[in-house]
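Engineer: Provided herewith is a single structure, encoded as structure tokens, for subsequent inquiry.
What follows is calculated from the coordinates using simple rules that are stated; it is not laboratory data. From a predicted model like this one, the values you see are computed outputs, not experimental measurements. Note that each Cβ is placed from the backbone with ideal geometry, even for glycine, and that neighbours are counted across all protein chains shown.
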Amino acid sequence: MSDASTSDPQIRVVLAKLGFDGHDRGIKIVARILRDAGMEVIFLGLRQSYKNVVNAVEQEDADAVGLSMHNASHMTLAPKMVDALAEAGLEVPVIVGGIVPDEDIDPLMKTGVAAILGPGASAEEVAQTVRDAVAVVRGSSPQA
Amino acid sequence: MSLRGLPPADIFDKALGGERRALGRLITFVERDAAEAETVAELAHERAGNAHVIGITGAPGSGKSTLTGQLVKLLGEAGKRAAVLAVDPSSPLTGGAILGDRVRMEDVASPDTFIRSMATRGHQGGLSLAVPGVVRLLDATGYDPIVIETVGVGQVEVDIAGTADTTVVVATPGMGDSVQANKAGLLELADLFVVNKADRPGAKDVRRDLDLMLDLSHVSGQDQRTGMRPEIIMTTALSGEGAPEMWDAIERHRTAITANGQLEARRVNRDIDEVRNRLMADLESRVDLMLAGQSLAGVAEVLDAVAARSLSPTAAATQLAARIKDL
Amino acid sequence: MSDPAPDQARAAWQEAYDATKLRDVPFETMSGVPVEPLYGDGPYPGQYPYTRGLHAAGYRSRLWTMRMFAGFGTAEDTNARFKELLRAGGGGLSTAFDMPTLMGRDSDHDWALGEVGHCGVAVDTLADMEDLFADIDLSSVSTSMTINGPAAMIMAMYIAVGEKTGVERSQLAGTIQNDILKEYQAQKEYIFPPRPSMRIVTDMMKFTSTEMPKWHPISISGYHIREAGSNAAQELAFTLANGFAYVEAAVAAGLDIDDFAPRLSFFFNSHSDFFEEIGKFRAARRIWARWMKERYGAKDPRSMMMKFHTQTAGVSLTAQQAEINIGRVAIQALAGALGGTQSLHTDAYDEAMALPTEDAARIALRTQQIVAHETGVTNVVDPLGGAPFVEWMTDEMERRAEDIFAHLLDIGNDSILEGAYAGIDDGYFVGEIADAAYRFEREVNEGKRIIVGVNEFTEGDSGERNLLRIGAEVEEYQLKRLNDVKQRRDSDAVTRVLTQLKTEAVDPEINLMPTMIEAVKTFATEGEIVASLEEVFGTYVEKVFL
């Protein structure tokens, strides 16, 4: 069963920063990048709890979650977000953006994070990474 | 357990059972006018008709989101299970949108409140079609009241706020609002005016300007929709001051229009408008197909004649109009 | 004060210069060419409006303070780093705190997991503060503490450490950042809403006015505003506007302007566009002097003299080919010196990815030592003054800043303080900053603006990093420490003093500092004190403006 659109349905992304970190320059830029790429960004911003993100994904029927991390806390916070979403029965990819040292990339991916975007990622890379992550999840079944 | 592959009726049952994820998915179907949307619409229609629908609209910067948040907080404290549909403009260039209203309300809303962000261009069929469908869904799954919050810049957003049972227009000092209110037809639509940021200088002037305009329209015989003169409430959304008074005014309005039959009349109009909007949308897409030469024969020749200036647009339209019955 | 005739001004400058004790170094070029202390005409350094500098002799009498930021891990770890820096020739101690501490939460808070000791030192109680400054004579150092929301608590702890080690509060020298306005605009480390936060700030200003003459109670900061993405003119204008806002608040709270203004200091960013930065620094001094004198009626020249600390731009550091950051930092440090900064922190080259390693921190310090001792720029006061481009840039920065002040006065009904509140409330500041950040990002993305190693000249990135890792032991240690302190303290005393604090918080006339000091002495935790005040003041939640 396909829906009425001839192209892929519009992507809705929840963007959030977990924990105390107050650096929001990056996440605001990503929000604009994704908007410019035609996506709908549900912008939660700073100091969000796992619960807030889960609630947003549920009610907004979001296709992906983007987390912005600058405080070396990615190894603790991101996997917990992945788990919280899984526990709520939500199949959405979690994409981590920000400062992730090279040696943490593999271990982080193993915890279930769908993709990692470094500080040098271009606007195209950011948008494409989101599209690819969403396509993986959407593609695994005939119904969107 | 995944919702994927589940028939819409099953998802609907889950939503009725309180599963918010399911409700979120159903709203997506309606927004996108997906194949499932018709089934969902029927299921919702059977159960809807109870909720009080409140439209809140105002210019950017009027503080209406904060105000909606305060309202929702009050509703939660009063034990109501409210829903908010926050409508924000999409970028006309890219079709994308940044929807930031949710987070303003989340901190004050009770855990029971359902909040959904909608972009003006986020879906097939147009906003005027999607919103009634989403409202009906929220109604059917037991949310009451339902608040539709829109930015009153575009005519469409203004109209949507106007489809509510009670329409609240938010103005603020220093934004030339009284002029704006007149322009977008907000004066006719408003059932209640809120002057927010009442602590700022100029707030009293806005109130006075609104009073004046209401007096004038009364004198000139312009019909208010209910024959009732809209109240003007002063609020300071940041502190919550005036929010209880606003809610009281909304309740008073609802009581009044229930008593005088206006509520029923509005709902009937709303439904008939929806039928009309759907027909128009359908017609529009058929006309587009026709003009693209993809449905009827002979159309291309008519358009070529217009391009060659041997046939006037008026004559061309008359010719093609005769063929509309064939579409 | 009317302008003296040019000859008089020069004579006055000469007199001041002659009366200054100079450093005992030859003021000549590397080739032995003697140079004058000053070239060109007025305005003169050390004279209103101080465009060319605060002192007649500039760096000839005293170099800028080489103040290197430190702070990570446990208080003991940082204490060791402090002692090293003092040995290596640094003159001031500068403390960074970890995220939970900055946000007014204890190390056992839900969200503290993974953050304890990571971007700075963890301080939960007075015990940690005592460890932090163990064996350091507080009367002989100048300490700068970079903290804002919970500044009052941290300052109270520092005072208490002084008391316990026999140092009178009147002898304590240093700065606490305590610039809450920029938190709402840029750094986002706020706790309470703006107005109650301003009350705490004015309490601290009043307290230090009478009790701590060597203490700077606010470091009005543009650094973070710039890091958040603003351009140079916005950094300049928002910072100065915040300064004016604090002045208005203090005066409204009953202080005489000349009683506190001399102890206000500023903190700027030094970014890569060399001449823009220098113009910015010079314009800053000029604007501050003029406004303080003409608008706010200051009489004491020291109220008009803007002192500032500078830090090289963290946001300009790249992870790619990180070693080249040393070059960036050197140029930014040079701009700071040519702009006449009073103190300077140079970033370490590896800071784009993590806290600096010891080696990298040392290289950063050496970089500014090169500027100070090898380049000769310190031989002449305001050496670029009079250069047509530099003077034009100074004027241009001032002009752009004045436009922004006009807007704030407009939305604030002729008060910069009200304009600041209004701008926070309606998203003016965050909007301007986000726009500027986005514009910059687009330019880099489109290749219009070249960032070496990022969008051009990308060959040479080894990809290897020797990063500083904070182990989990820090968190374990800190949690245990916190627990021990809580066990050993008198809980009743804690409860009593916190109740007292809440009562006082309700009355804006009462200065909270004395009770704050009593509270930290009972070993009430930072988180407990903050939570008590939140009950009275509320918690600030930011609105999204994009």
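Engineer: Which one of A:SER49, A:MET109, A:THR76 is farthest out on the positive end of the charge dipole of chain A, using unit charges on Cβ (Lys, Arg +1; Asp, Glu -1) and the Cα centre as origin?
Structural biologist: The listed residue farthest towards the positive side: A:SER49.
Engineer: Taking H as built 1.01 Å from N, whose amide H comes closer than 5 Å to the amide H of A:LEU117, not counting residues under 5 places away?
Structural biologist: Here A:VAL96, A:GLY97, A:GLY98 satisfy the definition.
Engineer: Between the helical axis of A:50-60 and the dominant principal axis of chain A, each derived from Cα atoms, what acute angle in degrees is found, rounded to the nearest 10?
Structural biologist: The angle comes out near 20 degrees.
Engineer: Can you tell me the mean projection area, over all orientations, of the convex hull of region B:1-47's alpha carbons? Units nm², please.
Structural biologist: Dividing the Cα hull surface by four gives the mean projection, 3.0 nm².
Engineer: What full-extension length gain, to one decimal in nm, is calculated for B:LEU216 and B:LEU93 as 0.36 nm per residue of separation minus the Cα-Cα distance? Please list the in-between numbers first.
Structural biologist: Numbers: separation 123, 0.36 × 123 = 44.28 nm, distance 4.00 nm.
That works out to 40.3 nm of additional length.
Engineer: So what is the relative contact order for chain C, in percent, with contacts set as C-alpha pairs under 8 Å and at least six apart? Intermediate values should be presented prior to the final figure.
Structural biologist: Values: 1002 pairs, mean separation 101.7, N = 546.
The normalised contact order for chain C reaches 19 percent.
Engineer: Follow-up question, since we're still on this one. What FRET efficiency would be calculated for the residue pair B:ASP13, B:SER110, taking the C-beta separation as r and a Förster radius of 22 Å, to the nearest 0.05? Don't jump to the answer; show the numbers that get you there.
Structural biologist: Working: r = 25 Å, r/R0 = 1.12.
Given R0 = 22 Å and the Cβ-Cβ separation, E is 0.35.
Engineer: Determine the percent antiparallel among the DSSP beta bridges restricted to region B:48-260, to the nearest 5. Provide the component values of the computation, followed by the final result.
Structural biologist: Details: 2 of 32 bridges.
Roughly 5 percent of the DSSP beta bridges within region B:48-260 come out antiparallel.
Engineer: For chain B, what relative contact order do you get, as a whole percent, if you take Cα pairs closer than 8 Å and at least 6 residues apart? Walk me through the numbers before you get to the answer.
Structural biologist: Numbers: 499 pairs, mean separation 56.0, N = 327.
Taking the mean separation of contacting Cα pairs over the length of chain B, I get 17 percent.
Engineer: Extent of chain C along each principal axis, from alpha carbon coordinates, in Å, largest to smallest?
Structural biologist: 68, 58, 50
Engineer: If the limit is 20 Å between Cα atoms, which of C:LYS280/C:LYS307; C:LYS280/C:LYS448; A:LYS17/A:LYS51; C:LYS182/C:LYS502 go over it? Please list the in-between numbers first.
Structural biologist: Values: C:LYS280/C:LYS307 14 Å; C:LYS280/C:LYS448 24 Å; A:LYS17/A:LYS51 13 Å; C:LYS182/C:LYS502 26 Å.
Pairs exceeding 20 Å: C:LYS280/C:LYS448; C:LYS182/C:LYS502.
Engineer: Once amide H atoms are placed 1.01 Å from N in the peptide plane, what residues at a sequence separation of 5 or more from B:ARG121, or on another chain, have their amide H within under 5 Å of its amide H?
Structural biologist: Counting only residues 5 or more places away or on other chains, the set is B:SER90.
Engineer: Relative contact order of chain A: what whole-number percent is it, with Cα pairs under 8 angstrom and at least 6 residues apart?
Structural biologist: On the way: 225 pairs, mean separation 36.3, N = 144.
Across chain A, relative contact order equals 25 percent.
Engineer: Give, in whole angstrom and from largest to smallest, the semi-axes √(5λ) of the equivalent ellipsoid of the protein assembly as shown, with λ running over the eigenvalues of the Cα gyration tensor. Intermediate values should be presented prior to the final figure.
Structural biologist: Values: eigenvalues 603, 198, 197 Å².
In descending order, the three semi-axes are 55, 31, 31 Å.
Engineer: May I ask which residue of C:GLY376, C:ILE257, C:ALA322 lies farthest towards the positive end of the charge dipole of region C:58-427, with charges of +1 (Lys, Arg) and -1 (Asp, Glu) on Cβ and the Cα centre as origin?
Structural biologist: C:GLY376
Engineer: Shifting gears a bit: Considering only the protein assembly as shown, what is the antiparallel percent among its DSSP beta bridges, to the nearest 5?
Structural biologist: On the way: 3 of 87 bridges.
Around 5 percent antiparallel, to the nearest 5.
Engineer: P(r) tail for region C:370-455, what percent of Cα pairs lie past 16 Å?
Structural biologist: On the way: 2660 of 3655 pairs.
Every Cα pair in region C:370-455 considered, those over 16 Å come to 73 percent.
Engineer: So for chain A, what percent of the C-alpha to C-alpha distances run longer than 21 Å?
Structural biologist: Working: 3865 of 10296 pairs.
So the portion of pairs separated by more than 21 Å is 38 percent.
Engineer: Expressed as cubic angstrom per residue, what is the convex hull volume of the alpha carbon set of region C:97-156? List each step's numbers first, then the result.
Structural biologist: On the way: hull volume 4.9 nm³, N = 60.
In region C:97-156, the Cα hull volume divided by residue count equals 82 Å³.
Engineer: Follow-up question, since we're still on this one. Enter the angle in degrees (range 0 to 90, nearest 10) between the Cα long axis of helix B:243-259 and the first principal axis of the Cα atoms of chain B, meaning the one along which they spread out most.
Structural biologist: 60
Engineer: Suppose we keep just the alpha-carbon trace of region C:152-242; what are its Rg and Dmax in angstrom?
Structural biologist: Taking only Cα atoms of region C:152-242, I get Rg and Dmax of 14.7, 46 Å.
Engineer: If you don't mind, there's one more thing I want to ask. So, with +1 on the Cβ of K and R and -1 on the Cβ of D and E, and no other charges, what is the size of the charge dipole of the protein assembly as shown about its Cα centre, to the nearest 20 debye? Spell out each step's value before the answer.
Structural biologist: Values: 98 positive and 148 negative charges, 191 e Å.
That gives a dipole near 920 debye.
Engineer: Residues in region C:519-539 near a label at C:ASP492, defined as backbone nitrogen under 17 Å from the 7 Å Cα→Cβ point?
Structural biologist: C:522-524
Engineer: Right, here's the next one. From largest to smallest, what semi-axes in whole angstrom does chain B give when each is the square root of 5 times an eigenvalue of its alpha carbon gyration tensor?
Structural biologist: 37, 28, 18
Engineer: Taking other Cβ within 10 Å of each residue's Cβ, how do C:ARG199, B:ARG229 sort, fewest first?
Structural biologist: Details: C:ARG199 19, B:ARG229 12.
With the fewest neighbours first, C:ARG199, B:ARG229 line up as B:ARG229, C:ARG199.
Engineer: log10 I(q)/I(0), Debye, Cα-only region B:55-158, no solvent, q = 0.11 Å⁻¹?
Structural biologist: -0.31
Engineer: Would you please give the residues with an amide H less than 5 Å from that of C:MET145, counting only those at least 5 places away or on a separate chain, with H modeled from the backbone geometry?
Structural biologist: Under 5 Å from the amide H of C:MET145: C:THR95, C:THR175, C:ILE176, C:GLN177.
Engineer: When each pair of different Cα atoms in region B:276-326 is counted once in the 1/r mean, what is the Kirkwood radius in angstroms, to one decimal? List each step's numbers first, then the result.
Structural biologist: Values: mean 1/r = 0.0872 Å⁻¹.
It works out to 11.5 Å.
Engineer: Give me C:ARG60, C:ARG302 ranked fewest to most by other Cβ atoms within 10 Å of their Cβ, as a rough exposure proxy. If you can, show how the numbers build up before the last one.
Structural biologist: On the way: C:ARG60 21, C:ARG302 12.
Result, fewest neighbours first: C:ARG302, C:ARG60.
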